[in-house]
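*Asks:* Please see the structure below; I have some questions.
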Amino acid sequence: MTGAVEGRLAKLGIELPEPMPPIANYVPFAQGGNLIVIAGQGPAVSGKYAVIGKLGTTVSVEEGYRAARLCFINVLAHLKAACGGELDRVGRVLRVGGFIAATPDFTQHGAVMDGASDLAVAAFEDLGRHARTSISAASLPLDVAVLVEAMFWIV
């Protein structure tokens, strides 16, 4: 039986992928009590990074938005694993953090990160409204354009 969150994702045409393994010495998620933190996820599709480069040069704001959305899909894949396959256990999306590879003069971080935030709200409705930080970076691992991490309260 599919839960409400996965039903909303299905209506958006989103099927969660298998979670990708970490690319270095860290775990993909950590849980303390009712909090789950998902490590930064890149814009992967079928195990390959789909959006690489920098905002302000080779990556447009629209591509950055798509990258942030893809990152959040990968966050959700790890969250599903952390919740034993039950995304409906999420009581609240608490925080979404975004790292955006960008030129020093790039200023549209919010428009890029809305790709993740819009999906959080679409998937979890009002429980998806969250605090957020968007940070510019000179570069990101494997030249991805965006990384997204998140924190969830589980019930």
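Derivation of every value follows stated rules applied to the coordinates shown; laboratory data play no part. This one's a predicted model, so the numbers in the text were calculated from it and none came from an experiment. All Cβ positions, glycine included, derive from the backbone under ideal geometry; neighbour counts span all protein chains shown.
*Asks:* Let me check against my output: what whole-number percent is the relative contact order of the chain, with C-alpha pairs under 8 Å and at least 6 apart? Could the numbers behind the result be given before it?
*Replies:* On the way: 323 pairs, mean separation 52.3, N = 155.
Across the chain, relative contact order equals 34 percent.
*Asks:* If you don't mind, another one. Using DSSP, restrict attention to beta bridges with both residues in the chain and report what percent are antiparallel, rounded to the nearest 5. Provide the component values of the computation, followed by the final result.
*Replies:* Values: 21 of 30 bridges.
About 70 percent, rounded to the nearest 5.
*Asks:* Sticking with this structure for a sec: Considering the chain as a Gaussian network with a 10 Å cut-off on Cα pairs, which listed residue, Gly98, Gly56, Gly33, attains the greatest mean-square fluctuation?
*Replies:* Gly33
*Asks:* Something else about it: Straight-line reach from Lys80: which aspartates and glutamates have a Cα under 15 Å away, not including same-chain ones fewer than 8 places off?
*Replies:* Straight-distance partners of Lys80: Glu6, Glu15, Glu18, Asp88, Glu149.
*Asks:* Still on this structure: Arrange Lys54, Lys11 by Cβ neighbour counts within 10 Å, fewest through most, would you?
*Replies:* Values: Lys54 20, Lys11 9.
Least to most surrounded, the residues fall as Lys11, Lys54.
*Asks:* Of all the C-alpha pairs in the stretch 38-154, what % are more than 23 Å from each other? Before the final figure, lay out each step's value.
*Replies:* Details: 1590 of 6786 pairs.
Summing the P(r) of the stretch 38-154 above 23 Å gives 23 percent of all pairs.
*Asks:* With charges only on Cβ, +1 for K and R and -1 for D and E, what is the dipole size of the stretch 38-154 about its Cα centre, in debye, rounded to 20?
*Replies:* Values: 10 positive and 11 negative charges, 43 e Å.
Magnitude of the dipole: close to 200 debye.
*Asks:* Let me ask something else. Most exposed first by the Cβ proxy, i.e. fewest other Cβ within 10 Å, how do Glu63, Glu86 rank? Could you put the intermediate results ahead of the total?
*Replies:* Values: Glu63 19, Glu86 12.
Listing Glu63, Glu86 from fewest to most nearby Cβ atoms yields Glu86, Glu63.
*Asks:* By counting other Cβ atoms within 10 Å of each Cβ, how are Phe124, Phe29 ranked from fewest to most?
*Replies:* Numbers: Phe124 22, Phe29 19.
By the 10 Å Cβ count, ascending: Phe29, Phe124.
*Asks:* What is the distance in Å between the Cα centres of the stretch 86-155 and the stretch 30-79?
*Replies:* Their Cα centres are 8 Å away from one another.
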